[in-house]
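Since the structure comes first, as structure tokens, the remarks are kept for the end.
What follows draws every value from the coordinates through simple rules; no lab data is involved. Everything quoted here is computed from the prediction, not taken from an experiment. FYI the Cβ positions are ideal-geometry reconstructions off the backbone, even for glycines, and counts take in every protein chain you see.
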Amino acid sequence: MTSQLIFNLFVFALATIAGAELISKVPQTLHTPLMSGSNAISGITVVGGLAVLVSYRDALGGLAPVLGAAAVAFAMINVVGGFLVTDRMLKMFKQK
């Protein structure tokens with residue numbers, strides 16, 4: 001393994017642990033707005049996945065485009081779901 005891969009795995013593990021710690025401390029009343037914001041940020045994953053699809057066609061023995069397509073698909077599901085949840089949440093506060 002290269003030192004860059006080991007470093008990237010270390011950063012990934014550290015981010016996973018820190019994220020789990022932070023999310024577990026969020027009160028339940030803030031989960032929906034926080035989730036809506038994080039789902040909107042998934043648009044960055046869509047852009048990253050598209051960049052992988054375009055730039056790294058032959059990387060990892062042709063596996064990179066498959067992973068890029070999966071990232072785009074899952075991120076788009078997350079983005080659309082987030083906007084639907086946000087829309088539904090905002091409809092609760094509209095006056096009739």
Inset, instruction - Positive end of the charge dipole of the chain (Lys, Arg +1 and Asp, Glu -1 on Cβ, about the Cα centre): tell me which of L9, L30, I77 has its Cα farthest that way. - result: L30
Legend entry - Distance (nanometres) between label positions extended 7 Å along Cα→Cβ at Q4 and Q95: 5.9
Inset, instruction - As a check on your grasp of the helix formula, calculate [θ] at 222 nm for the chain: sum -39500 (n - 2.57) over DSSP H runs of n ≥ 4, divide by the residue count, round to the nearest 500. - result: -28500 deg cm²/dmol
Legend entry - Relative contact order (%) - the chain, alpha-carbon pairs under 8 angstrom, separation at least six: 30
Legend entry - Sorted largest first, extent of the chain alpha carbons per principal axis (Å): 58, 29, 13
Inset, instruction - With +1 on each Lys and Arg Cβ and -1 on each Asp and Glu Cβ, and nothing else charged, work out how big the dipole of the chain is about its Cα centre, in Debye to the nearest 20. - result: 480
